[in-house]
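Okay, so here's the structure we're looking at.
The values are calculated or read from the model by the stated rules, or taken from the named source; none is laboratory data. Because the structure is a prediction, the values reported are computed rather than measured. Neighbour counts run over all protein chains shown; Cβ positions are idealised from the backbone, glycine included. The accessibility values were calculated without ligands, DNA or RNA, using every heavy atom of the protein model including side chains. Shrake-Rupley method; radii C 1.70, N 1.55, O 1.52, S 1.80 Å.
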Amino acid sequence: LWPRGSLAGPGSSPFFQRKYAVGPIFSSFLQEPGDRSHWCVVAYWEEKTRVGRLYSVQEPSLDIFYDLPQGNGFCLGQLNSDNKSQLVQKVRSKIGYGIQLTKEVDGVWVYNRSSYPIFIKSATLDNPDSRTLLVHKVFPGFSIKAFDYEKAYSLQRPNDHEFMQQPWTGFTVQISFVKGWGQCYTRQFISSCPCWLEVIFNNR
């Protein structure tokens, strides 16, 4: 983890620090195999429901926020949500400045710009031999390299039938706002988290 001293834009520092529902989102992403202009797509979820459209990212840096004055990027506050859960609404109100995704030479970093922790799960954050991927907590003002392209390619097993059936799983990162999940938390699955993101990277 790396601290960030300000909320300045992507040109202020060489480091920006930074997950996955198998289903319709994969088929939606694969509908445009010839499109090389984007490096990832982002989906916003509230519990088990995807809210809004897939957000295709072409620029090297993207702000994802709920409430950011004069913000430019993916504004979650503008999405229409029918979720009336008090917990979802409470967490939604805490997203604030959200996160910044940045594609760097060494991978993709996530910077936590909000006032609350975020939680990240990525295949490239853990030991390749690990049987269970850990969920990593990132405090406000800190960053993490959430995705490493070289590691992701090394994790591919061309002769693995399961990999061939789901080629995008290792190129996906999950990010939950405020609430964690997994073996250390009461929520075992990210689909139980109130507000979360799925980031799918273009591996072509």
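Taking Phe171, Phe139 and ordering them by how much accessible surface each has at a 1.4 Å probe, largest first, produces Phe139, Phe171. Near the amide H of His38, within less than 5 Å, lie no amide hydrogens of residues on another chain or at least 5 residues away, with H placed in the peptide plane.
Each residue of segment 108-123 is assigned a 3J(HN,Hα), and the resulting list reads 10, 10, 10, 10, 7, 8, 7, 9, 10, x, 10, 10, 10, 10, 8, 5 Hz, derived from the Karplus form 6.51 cos²θ - 1.76 cosθ + 1.60 (θ = phi - 60°), x at Gly and Pro.
Based on the Cβ-Cβ distance of Ser115 and Cys184, what FRET efficiency does E = 1/(1 + (r/R0)^6) give at R0 = 25 Å, to the nearest 0.05? Taking R0 as 25 Å, the efficiency between Ser115 and Cys184 is 0.70. Extension gain, Lys137 to Ser37: 0.36 nm times the residue separation minus the Cα-Cα distance gives 32.9 nm. The mean accessible area for residues of segment 30-107, using a 1.4 Å probe and ignoring ligands and nucleic acids, is 57 Å² per residue. Remark: segment 44-53, residue by residue, has Karplus-estimated 3J(HN,Hα) of 9, 10, 10, 6, 8, 10, 7, 10, x, 8 Hz, where x stands for each Gly or Pro and the curve is 6.51 cos²θ - 1.76 cosθ + 1.60 at θ = phi - 60°.
Taking amide H positions as modeled 1.01 Å from N, with prolines and chain starts lacking one, the residues under 5 Å from Arg187 and 5 or more places away or on another chain are Gly182.
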